[in-house]
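Presented below is the structure to which this report refers.
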Amino acid sequence: MEKEDLRSLDHEQLHKLITDLGEKKYRADQIFQWLHVKGANSLDEMTNVPAALKDRIRQTHEIHMLQTEKVLKSEIDDTRKYLFSLHDGNVIESVFMRYEHGNSVCISSQVGCNMGCRFCASTIDGKARDLSAGEMLAQIYMIMRETGEKISNVVVMGSGEPLENYVNLLQFIRMLTDEHGLHISQRNLTVSTCGLVDKIRSLADEKFQLTLAISLHAATDEKRRDLMPIANRFGLDELIPACAYYFDQTGRRITFEYALIKGENDSDRDASDLSALIRGLNCHVNLIPVNPVTERNYQQPYKTAVLAFKNKLEKNHINVTIRREMGRDISGACGQLRRSFSAHFQ
Ligand code: SAH
């Protein structure tokens, strides 16, 4: 039987494990700190924990290691892309970004993805499996160890659909923001979804103070269905009210991600439709010139078209920014590093 990942246990669960073994609670605190503050990757590193206790823990638990397979460093802005292998041989991507307001890590929530968005490289081979809470956290810890720097912001915007991995995502959020762990503020966490309406509503009920980003990419159901299969399951008439509900429950402004694709969703009409769709909603639009994926035939609009789209939204009193491109020289769309690695080693 596969042993459970010690890093996926939250503070309370670890307490229970340790006290059930007849040990004092503070031992659990020590181990939690090793795992979630010091970024330990093995029980051996935990020098103040008795060997006998470690042996007993090893009978039922192990620490699922991530191994750094590759790091790409941008010469322009020090953005770094990491390729990690998991204990079962799967590989995932994470990104480190340096901003004026602090360092940010973008993590994956699944190995691959099942959502099938037409412009996304992560989904081309489907989903291999969900990531555990420990594996989501470990991406951040590995990057902290590697860079020796503090991380203040986390975005769940790498490969995978986080709301399809809902239980593990919630465990991850609680552990990431736990005062005994990294203690990242909920306000410094962003979770991005392609629009699983039922899960958006459940997340709203949790009343976390995190930012919810919705991958919208089109302002009509017809156009959205062409780009994103999820639109067949949930129409905009359900998605937009769920976003309003999220704001009502949490007071947190929604971010809409809109990847501009030449000739697909970048016209003046598209900008009008988008303005009408989200009018009155407390939100912000992030325009992203689409990242070309070799396997797909989508292109970025000309700069003038991107600016015209932005201007139109502004005229309609919509908050809008054009996403700053990080790590231009190592960019490649989400999931492409993993794909090139998998292709090479299979
Ligand atoms: N499944 C989640 C999170 C992962 S995708 C979601 O859909 O939001 C993270 C973001 O990258 C999403 O907004 C997604 O639509 C966007 N994205 C994926 N491929 C892209 C590409 N080629 N160009 C620009 N954005 C892309």
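The values are calculated or read from the model by the stated rules, or taken from the named source; none is laboratory data. This is a predicted model, so every value here is computed, not measured. Cβ atoms come from the backbone with ideal geometry, glycine included; neighbour counts cover every protein chain shown. Heads up: the accessible areas ignore ligands, DNA and RNA and are worked out on the full protein's heavy atoms, side chains in. Shrake-Rupley method; radii C 1.70, N 1.55, O 1.52, S 1.80 Å.
Mean residue ellipticity, 222 nm, helices only, the chain: the sum of -39500 (n - 2.57) across DSSP H runs of n ≥ 4, divided by residue count and rounded to 500, is -11000 deg cm²/dmol. Peptide packing for 60-69, 45-54, 113-122 was compared via the average number of neighbouring C-beta atoms within 10 Å per residue; ordered from the highest value, the list is 113-122, 60-69, 45-54. Shown here is the pair-distance distribution of segment 169-257: with all Cα-Cα distances grouped in 10 Å bins from zero up to the longest one, the shares run 17, 47, 27, 9, 1 percent. I'd like the orientation of helix 11-20 relative to the chain: the angle between its Cα long axis and the longest Cα principal axis, in ° from 0 to 90, rounded to 10. Taking the Cα atoms of the chain, the angle to 11-20 is about 20 degrees. In segment 126-223, the C-alpha radius of gyration followed by the widest Cα-Cα span (Dmax) gives 14.3, 47 angstrom.
Here each label is just a point 7 Å from Cα along the line to Cβ, and for Glu4 and His87 those points are 1.3 nm apart. For the pair Gln299 and Arg187, a Förster radius of 41 Å applied to the C-beta separation gives a FRET efficiency near 0.70, rounded to the nearest 0.05.
A simple packing score, the average count of other Cβ atoms within 10 Å per residue, orders the peptides 303-313, 6-16 as 6-16, 303-313, with the highest score first. List the aspartates and glutamates whose alpha-carbon lies under 17 Å from that of Lys199, not counting same-chain residues fewer than 8 positions away? Straight-distance partners of Lys199: Asp130, Glu161, Glu164, Asp237, Glu238, Asp248.
Heavy-atom surface analysis with a 1.4 Å probe gives segment 34-81 a carbon and sulfur content of 49 percent of its accessible area. Between the Cα long axis of helix 303-315 and the first principal axis of the chain there is an angle of about 90°, rounded to the nearest 10. In summary, the chain shows an alpha-carbon radius of gyration equal to 1.03 times the 2.2 N^0.38 Å reference for compact globular proteins. Taking segment 161-186 and a reference point 7 angstrom along Cα→Cβ of Glu12, the backbone N atoms nearer than 17 Å belong to 167-181. The residues of the chain expose, per residue, 46 Å² of accessible area to a 1.4 Å probe.
Label sites at Val71 and Arg56, each approximated as a point 7 angstrom past Cα along Cα to Cβ, lie 3.8 nm apart.
The alpha-carbon of Lys24 sits under 20 angstrom from the alpha-carbons of these lysines, leaving out residues fewer than 8 places away in its chain: Lys16, Lys54. Helix 166-176 versus the longest principal axis of the chain: what angle, 0 to 90°, nearest 10, using Cα atoms? Roughly 70 degrees, rounded to the nearest 10. Counted residue by residue at 0.36 nm each, then reduced by the alpha carbon distance between them, the extension gain from Leu21 to Thr47 reaches 7.4 nm. Pairwise inverse Cα distances across segment 4-62, averaged and inverted, put the Kirkwood hydrodynamic radius at 11.2 Å.
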